[in-house]
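Worksheet: the structure to be examined is printed underneath.
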Amino acid sequence: MADAEDLKRAAAARALTFVTDGMRLGLGTGSTARHFVDLLAVRVREGLKVVGVPTSEQTRAQALSLGVPLATLDELPELDLCIDGADEVGPDLALIKGGGGALLREKIVASAAREMVVIADASKHVAMLGRFPLPIEVVDFGVSAITLRLARALKAADCAGDLVLRRVGGTTRFVTDQGNLILDAHLDRIPDPAALAREIEQVAGVVEHGLFLGLARRVILAGPGGIELLERSA
């Protein structure tokens, strides 16, 4: 059985087959997306002409170090393809993303792309979203009040669980590239992702959440038995 990194790299390699010369690419963030950027850089050195828009400072640094041409989303407001990972893939290719803390930029870049292709190892495919904590990006003001209202929003969407402020090393608050904070909702199950998204979006102080609904067109899952391609028809 291949290990997790081998599976991630296999999914990234399959995604590379969707990339053609001249494309404007959204470059995702996370361990699986990192494999894609590595493989993309090899193709660039071989002569592939592409321009990437990174979804995080981490991805920007990686791509620059490998010689992948980059631009900003202001310079390229419309993209051909976004390749990114996911923390969970559920029915209808609904996703939970943001484990790496880049959900805001990831969603903006994915929304700017004509198509989003998600790459993941097969363990990320679930019958119902929620096992992975749902990241919710919030402003650094009135966090206690925001948390209280978010708890009510979760309950209204038939979800229950703890909201935990993300920290680094157990003490320092995690700060996103945009200077915001993240509350991780430990829910175990999300029976209606669309309803939960609507409830969360009504809470003042919420910047973005990690439910990516209707964005992924294809999901490439790599498992011990090979590659599986999931596609959303509409």
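Every read-out reported here was derived from the displayed coordinates using simple, explicitly stated rules and does not represent laboratory data. From a predicted model like this one, the values you see are computed outputs, not experimental measurements. Reconstructed Cβ throughout: ideal geometry from the backbone, glycine too, with neighbour counts over all protein chains shown.
Miscellaneous remarks
- Cα gyration tensor shape of region 134-205, rounded if a/c is under 1.5, else prolate or oblate by comparing a/b with b/c: prolate
- Backbone phi angles across region 133-144, fed through the Karplus curve with coefficients 6.51, -1.76 and 1.60 (θ = phi - 60°), yield HN-Hα couplings of x, 7, x, 10, 8, 10, 6, 8, 7, x, 4, 5 Hz in residue order; Gly and Pro are listed as x.
- With loop membership from DSSP and a limit of 14 other Cβ atoms within 10 Å, the longest segment of the chain without trypsin sites (Lys or Arg not before Pro) is 50-188.
- Averaging the sequence gap over all C-alpha pairs within less than 8 Å and six or more residues apart, then dividing by the number of residues, gives the chain a relative contact order of 23 percent.
- In a DSSP loop and with at most 10 other Cβ atoms within 10 Å, there are no GluC sites (Glu not before Pro) in region 146-234.
- Proximal lysines to K8, defined as alpha-carbon separation beneath 26 angstrom and excluding residues fewer than eight positions away on the same chain: K49, K97, K107, K124
- Using the rule -39500 (n - 2.57) for each DSSP H run of four or more residues, divided by the residues of the chain, the 222 nm mean residue ellipticity is -9500 deg cm²/dmol.
- A P(r) calculated from all alpha carbon pairs of the chain, with 5 Å bins opening at zero, reads 1, 7, 15, 18, 19, 16, 12, 7, 3, 1, 0 percent.
- For G223, residues with placed amide H under 5 Å, excluding near neighbours: A122, E228
- Build a GNM of the chain with springs between Cα atoms under 10 Å apart, and of A197, A61, A41 the one that fluctuates most is A61.
- Counted over the chain, the DSSP beta bridges are approximately 55% antiparallel.
- Interchain or long-range residues, amide H under 5 Å from E88's placed H: I96
- Vicinal HN-Hα couplings computed from phi for region 24-35 (Karplus, 6.51 cos²θ - 1.76 cosθ + 1.60; Hz; Gly/Pro x): 9, 10, x, 9, x, 10, x, 5, 6, 4, 4, 4
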